[in-house]
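Coordinate-derived values only; no laboratory data. Please read these numbers as outputs of a predicted model, since none were measured by experiment. Glycine gets a Cβ as well: all are built from the backbone with ideal geometry, and neighbour counts include every protein chain shown.
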Amino acid sequence: MRLRFTKENMPTAAGFVRDSFLADQADFEAVAPADFGPAFAADLQARLATVQQATGAALRTSTTTQVTSRLYQNLDALRPLLDHLDIRLGLLPTSALTVPAKAFGLKRLRTRLNARDAEAVSKDLTTLQAAIRDNLAALTSKGYAPAELTDLTQLHAAIDADNATQNTHHNAGTQATQAEDAAFEALDALLAKVLRTGALLYKTNQPKRQQYEIAALTKRVQAAGPTGGADTPPKA
């Protein structure tokens, strides 16, 4: 997506263009009445308003950031539970287990945790919990407490819930970004018509022409700041 102005500066720049166009609308209509009549002016104003109301990625991701932080905390909380389980497994003879100790998947789980791959961790936790339950009596003989399995199960559920929420927010954010991009592109297309026509209409009138030139508009935006003209009401 290539815009004539950045998303941050678009509302201000578009506000300046809108004001200039409304002041000069009679000249535009005289040349191209079908293209620059009242419907065009209304469309320009509506699309500018849509862009002004865009929330932006930073605001949309605030909730996702909180969920991700909690997810990472829960992943880290697994580590001592795995270490304590590993100690008990090392104290048990192979004959006491229904599967080899390495089949519990602790080494792979730690690798997944280091990568913060929540989906892979969840899959490995399912395997681990089944192995623990199948060998609970042997593990209990070495001090493994049922509460540890409960903690592991609860963390697993919390990780799954936050991972699902994170995925939902990501998908929603993607859709919102796509909609926002479409709004900016639609406004940009209207600005292109106004800027090109205005520059040609006032080709020999430098002060007027500069109102429709990118370079001059960019300087005005920089002077006003990104939100300097965002809420400027249209001229009567």
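Under a Cβ-Cβ cut-off of 12 Å, what is the net charge of the residues other than residue 182 that fall near it, where Lys and Arg count +1 and Asp and Glu count -1?
Overall, the nearby charge balance is -3.
Excluding residue 70 itself, what net charge comes from residues whose Cβ is under 15 Å from its Cβ, given Lys and Arg +1 and Asp and Glu -1? Don't skip to the answer; put the middle values down first.
Values: positive: 116; negative: 76, 160, 162.
Net local charge, residue 70 excluded: -2.
Pop a pseudo-label 7 angstrom from the Cα along the beta-carbon direction at both residue 76 and residue 29 and give the gap in nm to one decimal.
That separation, rounded to one decimal, is 6.4 nm.
Could you state the principal axis extents of the C-alpha atoms in the stretch 76-170, from the largest down, to the nearest angstrom?
47, 23, 19 Å, listed from the longest principal axis down.
Once the Cα gyration tensor of the chain is diagonalised, what are the square roots of 5 times its eigenvalues, in whole Å and ordered largest first, as equivalent ellipsoid semi-axes?
Taking √(5λ) for each Cα gyration eigenvalue gives 66, 14, 13 Å.
Please compute the net charge surrounding residue 202, taking Lys and Arg as +1 and Asp and Glu as -1 over other residues with Cβ under 13 Å from its Cβ. Don't skip to the answer; put the middle values down first.
On the way: positive: 196, 203, 208, 209; negative: 24, 27, 213.
Local net charge: +1.
Against the longest principal axis of the chain, how steep is helix 38-52, in degrees 0 to 90 to the nearest 10, with axes from Cα atoms?
Relative to the chain, helix 38-52 is tipped by roughly 30 degrees.
About the Cα centre of the chain, how large is the charge dipole given +1 on each Lys and Arg Cβ and -1 on each Asp and Glu Cβ? Please answer in debye to the nearest 20.
On the way: 26 positive and 24 negative charges, 120 e Å.
With Lys and Arg at +1 and Asp and Glu at -1, about 580 debye.
Any idea how far apart residue 203 and residue 3 come out in nm if each label point goes 7 Å out from Cα toward Cβ?
3.1 nm
Subtract the Cα-Cα distance of residue 127 and residue 222 from 0.36 nm times their separation in residues, and report this length gain in nm to one decimal. Mind dumping the intermediate values first?
Details: separation 95, 0.36 × 95 = 34.20 nm, distance 5.82 nm.
Taking residue 127 through residue 222 to full extension adds about 28.4 nm, to one decimal.
Within the chain, count lysine pairs with alpha carbon atoms under 21 angstrom apart where the residues are 8 or more positions apart or belong to different chains.
Value for the chain: 13.
Specify the angular offset, from 0 to 90 degrees and rounded to the nearest 10, of the alpha carbon long axis of helix 106-115 from the longest principal axis of the alpha carbons in the chain.
That helix lies at roughly 20 degrees to the long axis.
How many angstrom lie between the Cα centre of the stretch 16-37 and the Cα centre of the stretch 86-129?
The stretch 16-37 and the stretch 86-129 have Cα centres separated by 70 Å.
What is the extension gain from residue 150 to residue 136, computed as 0.36 nm multiplied by their sequence separation minus the C-alpha to C-alpha distance, in nm to one decimal?
So the extension gain works out to 3.8 nm.
Sort 5-16, 20-31 for me by packing, meaning the mean count of neighbouring Cβ atoms within 10 Å per residue, highest on top.
Peptide ranking by packing, descending: 5-16, 20-31.
Report, to the nearest 10°, how far helix 10-23 tilts away from the longest principal axis of the Cα atoms in the chain, using its own Cα long axis and a range of 0 to 90°.
20 degrees
Grab the DSSP H runs of the chain that are 4 residues or longer, score each as -39,500 (n - 2.57), total them, divide by all residues and round the 222 nm result to the nearest 500 deg cm²/dmol.
Counting only the DSSP helices, I get -24500 deg cm²/dmol.
Please arrange 84, 156 by how many other C-beta atoms lie within 10 Å of their C-beta, fewest to most. Don't skip to the end; give the middle numbers.
Values: 84 14, 156 19.
Fewest-to-most ranking of 84, 156: 84, 156.
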